[in-house]
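Note sheet for the following structure.
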Amino acid sequence: MNLPADVLKKIIVASGFVSEKDFDEAAKAAAELDKSILDVLIFRGHINEETAGKLIADYYQVPHANLKRVTIPTEILQLIPEKIARTYRVIAFAKKDDKICVAMENPEDFEGLEFVKRQTGAKIEIYYASREEVNKILGDYKKGIKEDFEKIISENIKKADAKDSEEDLAKAAEKVPIVKILDTILSYAMTERASDVHIETMQDEVVVRYRIDGMLRDIVKFDRGIENALVARIKILSNLKIDEHRIPQDGRHKFSVEGDMVSLRISIIPGFYGENVVMRLLRESARPASLEELGLAGRNLDVIRENITKPHGMILVTGPTGSGKTTTLYSILNIVNTIEVKICTIEDPIEYGMHRANQIQVNPKTGLDFAAGLRALLRHDPDIIMVGEIRDKETAEIAINSALTGHLVLSTLHTNTAAGAFPRFIDMGAEGFLLASTVNVVMAQRLVRKICTNCTVKYEPEKSQILQLEKDLGVDLSKQKFYKGKGCEKCGTKGYQGRIGIYEVINVSQKIRDLIVKKSSSDEIQKAAESEGMISMLQDGLDKIASGLTTIEEVMRVIRENR
């Protein structure tokens, strides 16, 4: 339940955290983008989710339950049946003597409270929780599928007729066992917060793997026999050719999980033993992450915020595949997306649908590459352009000219460091003096796994390990604080849950521009940027280690990739 806009304004503006002007602009953007006002305020960085939760809880005169920091025992969660929890947006999260603590999105929902009282037969202590917090815990009801997952898969494999699946794939793909197997694989992937599902055909078995927090994990294996029908089911859902097995195919599909819309980006390729599938899962209904939630802070955040308000120039994000570059660009686009500007994008592929943005998918078969798409977009009178990736001289030149002629251009580049972006452009044939005139800011990033907040402990590595780390990283770690996750039920004993970025951001000053014109090396540009206050990616990582957000092992893993 969303509070009426006038009530929310009174609460938020009176707190002093958000000005009346910022609130009114957020309210206007929320109406245009079909988002809640609070979501817009959070992803624009005007207020964080926890602070907003406390203010709204004070309005309702109840405590705030920060459910993102709570591990709820299954027996407590199950005190309220899932159907009632979803209908009335109410969560049982703790027990105090003879009272049950329940968190509600609307603490004034008296009908819901009566249902809960009758269901539990206990006294109720009411707390407020935000929509995002309630949604997160509602997903925990599905964790019962963990125990049943392999059982459901094995039972339906027995029911599926392997011979029938060989003879008539379309018919077999529609049968209940195959449908149930795929639905179970996808439901469990959502429960486990997987970003990708891999279905790989081996010589004697089929392996299902999930990528969770950037790492692949084997989930289930089963004997061969039904893989053709399973792949055919995926092809049918994504409108691909069911009888084509020799060439790669790409498709899309959407499905709903308890009202949460999920988009699947599907890639199928022929392998030695059969077809292999990768499905990327994207939650469409999730609120865009704010820059702070992505991990930007301090000087890095200030530099990015200053540059996204400029009317023209280039903002570049660099890093390897899978480092979160596109997510960062989408977060920036969500901040600047208002009715006063026209946003156009050319992407390969389109990762997220964005309201009120013109998005073009690259299609090499029809000659629609980044350069051709970018030229076409310029004829549509855009204010802001996002180019998925700058790969060649032609795209680089068009992007630079676009920035010179009054457009704000956002793009990604495959270089290890922020300073490496400039020599990379020059290698592609860009003119140094034009590059120096257009690039406003370059950000390099990596993703590290976050320590599980439920099992974080402080520890001291062995002295020999510290000495080796100091040698590898070239820094003094004598005063560094170290944390790790012990491993618990919440994080699946891994000690990590979720990911966060570590960054280095170069604000292109006159000194940096002079070096670009001279075609200086990336090392020279790096040293000049650091002399002007740039925080290196290593230092940003060490700061996040000291804050208990990640581990030294995670930072070392990505820094070694960086060197």
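The values are calculated or read from the model by the stated rules, or taken from the named source; none is laboratory data. Note that this is a predicted model, so its numbers are computed, not measured. Heads up, the Cβs are rebuilt from the backbone with ideal geometry, glycines too, and the neighbour counts pull from every protein chain shown. Remember, those area values only see protein heavy atoms, side chains included, never the ligands or the DNA or RNA. Shrake-Rupley method; radii C 1.70, N 1.55, O 1.52, S 1.80 Å.
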**OP:** Tell me which residues, restricted to the range 50-63, are in contact with a strand residue (DSSP E or B) (Cβ under 8 Å, 6 or more places away or on another chain) and open to solvent by less than 40 Å² (accessible area, probe 1.4 Å).
**Re:** Gly53, Ile56, Ala57, Tyr60, Val62
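Looking at Leu264, Leu281, which is the one that is more than 27 Å from Ile502 (Cα to Cα), under 20 Å from the mean Cα position of the chain (by Cα), of a type in the set (A, V, I, L, M) and assigned to a strand (DSSP E or B)? Steps first, answer last, please.
Values: Leu281 fails: more than 27 Å from Ile502 (Cα to Cα).
The conditions single out Leu264.
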Original post:
What helices (runs of 4 or more DSSP H) lie completely within the range 285-360 and have 1 or more residues being hydrophobic (A, V, I, L, M, F, W, C) and more than 17 Å from the chain's Cα centre (by Cα)?
Top reply: 298-308, 325-336
Original post:
Residue check, Ile506 against (1) among the hydrophobic types (A, V, I, L, M, F, W, C); (2) open to solvent by less than 10 Å² (accessible area, probe 1.4 Å); (3) in contact with a Phe, Trp or Tyr (Cβ under 7 Å, 6 or more places away or on another chain), all met but one. Which one?
Top reply: (3)
Original post:
Residues of the range 470-498 being among the acidic types (Asp, Glu) and either within 13 Å of Gly548 (Cα to Cα) or surrounded by 14 or more Cβ atoms within 10 Å (Cβ to Cβ) (or both), which ones?
Top reply: Glu470
**OP:** Just name the residue that is nearest to Glu75 (Cα to Cα) out of those in the range 453-469 that are open to solvent by less than 100 Å² (accessible area, probe 1.4 Å) and part of a loop (DSSP other than H, G, I, E, B).
**Re:** Asn454
**OP:** Give just the number: which of (1) surrounded by fewer than 19 Cβ atoms within 10 Å (Cβ to Cβ); (2) in contact (Cβ under 8 Å) with a residue 40 or more places away in the chain does Leu294 not satisfy?
**Re:** (1)
Original post:
For the range 1-46, which residues satisfy the criterion of being in contact with a Ser or Thr (Cβ under 9 Å, 6 or more places away or on another chain) and among the small types (Gly, Ala, Ser)?
Top reply: Ser15, Ala29, Ala30, Gly45
**OP:** Write out, first by first residue and then by second, each pair whose Cβ atoms fall under 7 Å of each other, whose residues are 6+ apart or on separate chains, and whose first residue, in the range 225-249, is touching a residue at least 60 places away in the same chain (Cβ under 8 Å) while the second is open to solvent by 60 Å² or more (accessible area, probe 1.4 Å) and among the acidic types (Asp, Glu).
**Re:** Asn228/Glu166
Original post:
Out of (1) at pLDDT 95 or above; (2) open to solvent by 20 Å² or more (accessible area, probe 1.4 Å), the odd one out for Ile304 is which?
Top reply: (2)
**OP:** Name the single residue, out of those in the range 195-239 being open to solvent by less than 10 Å² (accessible area, probe 1.4 Å) and in a loop (DSSP other than H, G, I, E, B), that is modelled with the highest pLDDT.
**Re:** Ser238
Subject >> Residue within the range 481-494 that is touching a Leu at 6+ places or on another chain (Cβ under 9 Å) and within 30 Å of Phe422 (Cα to Cα) present >> reply: no
Original post:
In the range 361-373, how many residues are open to solvent by less than 70 Å² (accessible area, probe 1.4 Å), without any contact (Cβ under 8 Å) to a residue 12 or more places away in the chain and not in a loop (DSSP other than H, G, I, E, B)?
Top reply: 3
**OP:** With the condition kept exactly as written, say whether any residue in the range 420-439 is of a type outside the set (Asp, Glu), part of a strand (DSSP E or B) and open to solvent by 10 Å² or more (accessible area, probe 1.4 Å).
**Re:** no
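Residue-wise test of (1) in a strand (DSSP E or B); (2) in contact with a helix residue (DSSP H, G or I) (Cβ under 7 Å, 6 or more places away or on another chain).
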residue	(1), (2)
Lys479	no, no
Glu489	no, no
Glu504	yes, yes
Lys511	no, yes
Ile516	no, yes
Lys519	no, yes
Original post:
Quick one: which of Asp243, Asp218 is of a type in the set (D, E, K, R) and more than 30 Å from the chain's Cα centre (by Cα)?
Top reply: Asp243
Subject >> Criterion: surrounded by fewer than 22 Cβ atoms within 10 Å (Cβ to Cβ) and either modelled with pLDDT under 90 or aliphatic (A, V, I, L, M) (or both) - qualifying residue of Ile400, Ile390 >> reply: Ile400
**OP:** Would you check if there is a residue in the range 418-427 being in the same structural domain as Pro320 (by the TED database), without any contact (Cβ under 8 Å) to a residue 24 or more places away in the chain and not basic (Lys, Arg)?
**Re:** yes
